[in-house]
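Notes for the one structure printed next.
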Amino acid sequence: MLKKNIFVVEKLDKDVLYLILGQRVFVLNELAIVIWDLINQVQSQEELLERIISQYDVPYDKAREDLRETLLFLQKADLIK
């Protein structure tokens with residue numbers, strides 16, 4: 001789940017992260033930013049999920065679904081492997 005090194009990351013304010021990949025710009029929300037920041041620090045999706053749950057007061061099932069959707073988005077956008 002490593003980030004690819006072919007894009008520029010520009011943080012313009014604390015709640016939104018803009019990722020620029022070629023001609024495409026992606027806007028990440030607060031949860032996606034947390035996932036983006038942690039993705040290279042964890043060994044598994046389960047560890048990533050545990051970190052999200054510990055950082056936010058969110059039920060396990062909701063966090064798991066949000067994580068799944070965000071990872072799928074990042075993969076389809078070719079932002080992560």
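The values are calculated or read from the model by the stated rules, or taken from the named source; none is laboratory data. In this text, all values refer to a predicted model and were calculated from it rather than measured experimentally. All Cβ positions, even for glycine, are placed from backbone atoms using ideal geometry, and neighbour counts span all protein chains on display.
Structure notes:
- Among the residues of the range 66-81, just one is under 15 Å from LEU31 (Cβ atoms) and loosely packed, with under 12 Cβ neighbours inside 10 Å, namely LEU72.
- Figure legend. Inter-residue proximity from the range 65-78: first residues outside any loop (DSSP other than H, G, I, E, B), second residues small (Gly, Ala, Ser) and surrounded by 14 or more Cβ atoms within 10 Å (Cβ to Cβ), beta-carbon distance below 7 Å, spacing 6+ or different chains. Indicated pairs: THR70/ALA32.
- Checking each residue in the range 47-59 for being more than 11 Å from the chain's Cα centre (by Cα) and surrounded by 11 or more Cβ atoms within 10 Å (Cβ to Cβ) picks out GLU47, LEU49, GLU50, ARG51, ILE53, GLN55, TYR56, VAL58.
- Any chance ILE33 is within 10 Å of the chain's Cα centre (by Cα) and of a type outside the set (S, T, N, Q): yes
- In the condition set (1) within 18 Å of PHE73 (Cα to Cα); (2) modelled with pLDDT under 85; (3) not small (Gly, Ala, Ser), ASP13 is compliant with all but (1).
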